[in-house]
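The values are calculated or read from the model by the stated rules, or taken from the named source; none is laboratory data. Here the structure is a predicted model, which means the values were calculated and not measured. Reconstructed Cβ throughout: ideal geometry from the backbone, glycine too, with neighbour counts over all protein chains shown. Remember, those area values only see protein heavy atoms, side chains included, never the ligands or the DNA or RNA. Shrake-Rupley method; radii C 1.70, N 1.55, O 1.52, S 1.80 Å.
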Amino acid sequence: SKTISKCYVQVTGMTCASCVANIERNLRREDGIHSILVALMAGKAEVRYNPAVIHPAAIAELIRELGFGATVMENCGEGDGILELVVRGMTCASCVHKIESTLMKTNGVLYCSVALATNKAHIKYDPEAIGPRDVIQVIKDLGFTTSLVKKDRSASHLDHKQEIRQWKRSFVVSLVFCIPVMGLMIYMMVMDSQLSDAHAHHNMSSEEMEALHSSMVLEYQLLPGLSVMNFLSFLLCVPVQVFGGWHFYIQASRALRHNTANMDVLVVLATSIAFLYSFVILLVAMAERAKANPVTFFDTPPMLFVFISLGRWLEHVAKGKTSEALARLISLQATEATIVTLGPDNVLLSEEQVDVELVQRGDIVKVVPGGKFPVDGRVIEGHSMVDESLITGEAMPVTKKPGSTVIAGSINQNGSLLISATHVGADTTLSQIVKLVEEAQTSKAPIQQFADKLSGYFVPFIVAVSVVTLLAWIIIGFVDFEIVEKYFLGYSRSLSAAEVTVRFAFQASITVLCIACPCSLGLA
């Protein structure tokens, strides 16, 4: 017989089923082309041809002449079927060897590996020569029971509910504690400005000023060096740092373990350092029994966490919306199919219910009225109306007669149809749509990739800058203390110059870290 080769052509510019029909009809007429099968969603044509008469480049050229873009696909391994089976009844390595060797001898099986420990078989086959049912039959004939690895049809990996819950919770926690902290801050600011106004108008001496200041409720010292304001801020900050920041800490530690620095690392760094520094400085002030209250940064962590967890929460809500649509799409797929064997003159000899994954190309599938089409195919017998609104959005049922194409997932209405399967498994239109949506979700926008790349450099850079700030101010302080004195207002005179310098340097470097952190909000 004539040798027949197979090639795949990537076809662009197809918009609907009539484009597919157009290509198939025109190419079938050509010499040397044995058969052609076009998948609309995948944009792929599978052509079986006689290499003595025609070659793939010429086939692509024929498709181009019809007004579509066409390129020959090099990797024809695309067409390999992959089968995952659970095999029961294996006792030892010789069973494994028996299954593997028998399958490898079987025509059409390209690769096979059986794992005794997990009872699983992984098989690659050529769908032209053999199908999943044949493979299962071969294993059954050897005396083992076998079944398909059940696929998770519920699409639980697309479910963002848990993440949405967790970020919402962390946002709410941060917000609850952030509002009072912000209130305290604003109150302090207003009071300070009033005091400075009073100062400007009445030319009070600085002693009187001090007296007025410490009379403010918030500046009142519970213990020497511990003001009400700082104590309240500390109390409000702890729950945020623990509950609000929990997920950030987990993710930051993961990132650091893999030697990468992401935004979470920066958030954690800034908040932890601000928190710890403020905490330490409070302890120091209490140990010193300082009169003036130290400047703390307890307001930074709650506010940062509020903004960032809000961002993450919104992001997951948006992702969840797309995923819901996907899950609905996946749920449209039929789970079972009725395969029939036909005798001469299309007489039904037998029929059996099988799992959809077991339908092979070329199988005859019977679809009853009200049933879903399990695979893409061509009608060979029967007339009916079919609701294809899931793909086309067209509410009117479409007439189907022998020769018409049908789409998996669409609903047969009034007549019984026999169809011959053309695209099965992952090649059906519906699976392709699901795959496209999944890919669109997992692939990043170019700007997003750029942002990720930047943030990789951004974090170490910011940390370096804040360290430089720290060192620079310490050096400046020891060289020329006047500069520090000019910028660092309200330190208590009781401290030594060195101490003041170190404090100021710390304050400056933490400010750098904390200010760089909302940039992560910008990047997010």
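Here is how the numbers come out for the structure above:
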| read-out | value |
| --- | --- |
| Residue in region 99-116 that is assigned to a helix (DSSP H, G or I), touching a Pro at 6+ places or on another chain (Cβ under 8 Å) and either at pLDDT below 90 or crowded, with 16+ Cβ neighbours inside 10 Å (or both) present | no |
| Scope region 410-444; condition under 21 Å from Ser331 (Cβ atoms) and at pLDDT 90 or above; matching residues | Ser410, Ile411, Asn412, Gln413 |
| Residues of region 15-41 that turn out to be assigned to a loop (DSSP other than H, G, I, E, B) and open to solvent by 30 Å² or more (accessible area, probe 1.4 Å), as a count | 7 |
| Only listed residue being outside the structural domain of Gly320 (by the TED database), in a loop (DSSP other than H, G, I, E, B) and open to solvent by 20 Å² or more (accessible area, probe 1.4 Å), chosen from Ala395, Ala464 | Ala395 |
| Members of region 52-77 found to be touching a strand residue (DSSP E or B) at 6+ places or on another chain (Cβ under 6 Å) and either among the aromatic types (Phe, Trp, Tyr) or open to solvent by 60 Å² or more (accessible area, probe 1.4 Å) (or both), listed by number | Arg64, Phe68, Thr71 |
| Set Glu84, Glu46, Glu24, Glu74: member being over 35 Å from the mean Cα position of the chain (by Cα) and not hydrophobic (A, V, I, L, M, F, W, C) | Glu24 |
| Odd one out for Gly377, checked against (1) open to solvent by 10 Å² or more (accessible area, probe 1.4 Å); (2) assigned to a strand (DSSP E or B); (3) closer than 20 Å to Val20 by Cβ | (1) |
| Matching option when the condition is within 23 Å of the chain's Cα centre (by Cα) and either farther than 30 Å from Ser420 by Cβ or open to solvent by 30 Å² or more (accessible area, probe 1.4 Å) (or both), among Thr300, Thr322 | Thr322 |
| Filter result (small (Gly, Ala, Ser) and touching a residue at least 40 places away in the same chain (Cβ under 8 Å)) within region 388-437 | Ala408, Gly409, Gly415, Ser416, Ser420, Ala421, Gly425, Ser431 |
| Breaking point among (1) at pLDDT 90 or above; (2) open to solvent by 60 Å² or more (accessible area, probe 1.4 Å), for Ile139 | (2) |
| Test for Leu390: is it under 27 Å from the mean Cα position of the chain (by Cα), assigned by the TED database to the domain that holds Leu358 and either open to solvent by 40 Å² or more (accessible area, probe 1.4 Å) or farther than 30 Å from Val149 by Cβ (or both) | yes |
| Condition check for Phe307: in a loop (DSSP other than H, G, I, E, B) and under 30 Å from Val176 (Cβ atoms) | no |
